[in-house]
Amino acid sequence: MTRFFDSDIFYAFRTSPVAIVSALVTAILVLSAVFAPLIAPTNPFDPASLNLMNGFTRPMEPNAFTGETFLLGTDDQGRDVFSTILYGLRISLFVGVSAVLFAMVLGIFLGLLSGYVGGWTETIIMRAADVQLTFPSILVAMLIFGVAKGVTPVEYRDQMAIWVLILAIGLSDWVQFARVVRGATLVEKSKDYVAAARLIGRSPLRIMLRHILPNVLSPVLVIATISLALAIIAEATLSFLGVGAPATQPSLGTLIRIGQGFLFSGEWWILFFPACTLLALALAVNLLGDWLRDALNPRLR
Amino acid sequence: MHRLSTALALVLALPATAEEFNFAVTTDPQTMDPHAVNSTPVLGFLNNVYEGLVRRGKDMSIEPSLAVSWEPIGEGEGWRFKLREGVTFQDGAAFNADDVVFSYERAASEQADTSSWFAPVSEVIKVDDYTVDIMTTAPNPIFPDSIANWMMMDSGWAEANGAARPDKDQGNYATLNANGTGPFQVVSRQPDLETVLEPHAGWWGEVEHNLTRVTMTPIQNPATALAALLSGDVDFINPVPIQDVARLEGNPEVRVIQGIEARVIMLGFDQQEGSAESGQGGADMFLDPRAREAVAKAINVPAILQTIMRGNAEVASQMVSPAMRGFSEANAAPYVYDAEAARSLAEEAGLAGQTIAFKCPNDRYLNDEAVCQAVTSMLAQAGMDVSLDAMPVSNYWPELRADNFDMYLLGWSPGTFDAEHPIRFLAATQDDEAKLGSWNFGGYSNARVDELLPMIQSEIDDTARQAMLDETAKILQDEVAYVPLYVQPLVWGARSGVELTQRPDDFFILRWVTVN
């Protein structure tokens, strides 16, 4: 622990107000997502608990029919916007983190493989990556989502939607990781410690995972943080377009889509609060990623 | 100076833009083929391009169109139509009796979605070039009322382009191209993007509109469409999001045209025993009428109308609205909301522990997805587990035709403005040969209803006819064949200089539009 507090990284963090604030915002949002069932006054994902007559209640004003008051108002179905944001945040974060983890594992594996093995393996993997880079990632995600939805039996679609989202965003995101890891692996491969490991007869897989991997991880960490912000936005975009999280289990993007229909009619709070939350989350994670990149970059030190 | 520049601006602006008319719709017509899909977006749009023997006026009354007069033959063996002479199609070909016979064969063919309109017809005979006899199997007093949307296609054009029969699924030349006798012709068609119309110079009728070019753009999101109307990008939208009506009423640049549509929104159920329900687990949960009644009682329709529809719709009691001919006054009481009764009925019927697959369109009816969500949570409150799947209408009909549902949302607007229409399409037992029950996706079937339908169709005496319609309405209500929810409101929006006529069938007729 003391080693961590004495480290350069912690010093860089301590002296950067942007990093402290964005870490704080991220922490608050993550914690409130994790503990959503404890904080939220209602469970918006339980359709039986909704009262339609509560619909369109203004923030902090009692409803005309039921007399109930909601901190941030309610949407068209009578869902408490505050609770829905907390639960929606859970979906957004869960999808974002899982998708990045998935993309990271896949990307690191393929990157190590192509960097270390080279030859045809490298050519095939890297050309596949190039081809995928020419498509906008949201398009790739929509394609995967559409195909997966087509092959899933109807009764599992609701449960599957989240996993399909993770798969879709993850698969559209692995290229970044693979390219960076491959580059770093090419550099590390020619170093003496790898040659030494090879001389004493270590298997290629072991060399890749035990010797090279730890040395290529720091750029991966930076990409992962920035990718997280992008994945959260990608999830929101897909849900906004109506191909993501189901309407009965809204994520932040779904909430924004619902709220967008009521902008002209003056029910601004349905859109405004989820949008602010998404903005805060994406911005904080992004700034954290930026700071991490600078902090880990020896040339900037 | 200021006045001068305003006048100058007016002079410069008027000739260029005044008669170019842009409008937005939520649902793009699936096809330009008037016999391929029997739905309001398609028929409503094509009414500007194609014409039938008769047409409906501003007050929905039947008036001559391509036929100048008609009379019954003998003791109700059929109808004789005298055709209008000198009518040309948009490609210049002349219209005559051969085209009527061809259009009958085409529209009544197995591949056509309109074939059920011709269930009472036995034969169409060309008497001479401008006289046609349409023979019916039984006396049919309302036949001329039932064919206002049967549109005439040129036999030569269709055959030369390989479109002699419609093709619902694959599409053919007539899916993307049109050649009618109507006041407007399609000059360019890009599905889901833009469709451009121009006036048909050789139209036989008297021109009332002042349009030189009409562009229809599908805008799926109603809020986006409204933004386009407010900014002047489009001159007309249908529908205006219901939540925005109050706000628009204070805006001098636009006006809202409201009315009650002929359309009843209802819930349908899968009532087929063990049919090919791929992916539904094959559960026959709605075979039991108690299960359907549980749904009927679990839904608080007034609450839906109060919040989602903002008080702009009426609760429905049967498959037609009170404005339709043949509405059953005797059965005008809607199902009463009673969550407790619904809960115990659901338990008795064994709905507990089963997941109801609920299909819903999200771009077809006003606030359709929001209504479906509200229904989902109301059923959950009565102890029923519902899995809602909302989708665009282009995926929706195929999904229903494939029987991929336990419950679904449907809106029905009777094309004949008569209570017989939904019985024929929605309540009669599915029978492809007799062209009955073609939209009866759930497979509802009742022997007495099937027996009553032909009697209703051929009954000339109004009282006797109404008695049979009452009996049918009662059976459908008692057995909960469908759960009628509400009569959909019509909410159109236009720039304030636009004069138009709103008809309760939700058809936007361009020949009545003038732009000032």
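Here, each number is a calculation from the coordinates, and none is a lab measurement. Keep in mind it's a predicted model, so treat the numbers as computed, not measured. Methodologically, a virtual Cβ is constructed for each residue, glycine included, from the backbone with ideal geometry; neighbour enumeration extends over all protein chains shown.
Side notes on the structure shown:
- Cα Rg, Dmax, segment B:347-402, angstrom units: 12.4, 37
- With R₀ set to 51 Å, the beta-carbon distance separating A:Ile20 from B:Glu253 gives a calculated FRET efficiency near 0.50.
- Local electrostatic count, B:Ala352, Cβ distance below 14 Å [Lys/Arg +1, Asp/Glu -1]: -2
- Partner chain coverage, peptide A:254-266 - average Cβ within 10 angstrom: 4
- Normalised by 2.2 N^0.38 Å, where N is the number of residues, the C-alpha radius of gyration of segment B:146-202 stands at 1.20.
- Translational diffusion coefficient of segment A:1-89 (Stokes-Einstein, Kirkwood radius from Cα pairs, 4 °C, 1.567 mPa s): 84 µm²/s.
- Here is the short version for the protein assembly as shown: A:Cys276 have no other Cys C-beta closer than 4.7 Å.
- Over 31 Å between alpha carbons, listed pairs A:Lys149/B:Lys168; B:Lys82/B:Lys435; B:Lys435/B:Lys474; B:Lys126/B:Lys474: B:Lys126/B:Lys474
- Label point 7 Å beyond Cα of B:Thr501 along Cβ direction - residues of segment B:206-250 with amide nitrogen under 16 Å: B:206-211
- Inverse of mean 1/r across different Cα pairs in segment B:120-264, Kirkwood, Å: 19.5 Å
- Normalised contact order of segment A:1-69, rounded percent, pairs of Cα under 8 Å and 6 or more residues apart: 12 percent
- As computed over chain B, the Cα convex hull volume per residue (Å³): 141 Å³
- Restricted to Cα atoms, segment A:70-109 shows a radius of gyration and a Dmax of 15.5, 48 angstrom.
- Placing one equal scatterer on every Cα of the protein assembly as shown and applying the Debye formula, the log10 ratio I(q)/I(0) at q = 0.07, 0.09 Å⁻¹ is -0.64, -0.97.
- The relative contact order of chain B, computed from alpha carbon pairs under 8 Å that lie at least 6 residues apart in sequence, is 20 percent.
- 37 °C / 0.692 mPa s Stokes-Einstein diffusion coefficient of chain A, Kirkwood radius on C-alpha pairs, µm²/s: 154 µm²/s
- For segment A:203-296, the relative contact order is 30 percent, taking Cα pairs closer than 8 Å that sit 6 or more residues apart in sequence and dividing their mean separation by the residue count.
- Summary of the geometry: segment B:123-161 and segment A:12-32, compared by the centres of their Cα atoms, lie 75 Å apart.
- Distance from segment A:203-282 to segment B:440-516 (C-alpha centre basis), Å: 46 Å
- Calculated FRET value between B:Asp133 and B:Asn161, using beta carbons and R₀ = 30 Å, to 0.05: 0.55
- Candidates A:Phe273, A:Phe109, A:Phe135: whichever shows maximal mean-square fluctuation once chain A is modelled as a Gaussian network with Cα springs under 10 Å: A:Phe135
- Global size of segment A:176-218: 10.2, 33 Å for Rg and Dmax (C-alpha atoms, Rg to one decimal, Dmax whole).
- FRET efficiency, 1/(1 + (r/R0)^6) with R0 41 Å, evaluated for A:Ile39 and A:Trp120 via beta carbons: 0.15
- Estimated inter-spin distance, B:Ala93 and B:Ser188, nm [label 7 Å along Cα→Cβ]: 2.6 nm
- Considering only A:Asp173, A:Asp46, A:Asp290, the mean-square fluctuation computed in a Gaussian network model of chain A, springs between alpha carbons under 10 angstrom, is largest for A:Asp46.
- Within a Gaussian network of chain A (alpha carbon springs, distance under 10 Å), most fluctuating of A:Gly96, A:Gly170, A:Gly201: A:Gly201
- Radius 10 Å from Cβ of B:Ser69, net charge of other residues (Lys, Arg +1; Asp, Glu -1): +2
- Equivalent ellipsoid semi-axes, segment A:128-248, via Cα gyration tensor eigenvalues times 5, rooted, Å: 37, 15, 12
- Along its first, second and third principal axes, ordered by size, segment A:128-188 spans 50, 21, 14 Å in Cα coordinates.
- With the alpha-carbon atoms of segment A:42-164 aligned to their principal axes, the span from lowest to highest coordinate is 71, 30, 22 Å, starting with the largest.
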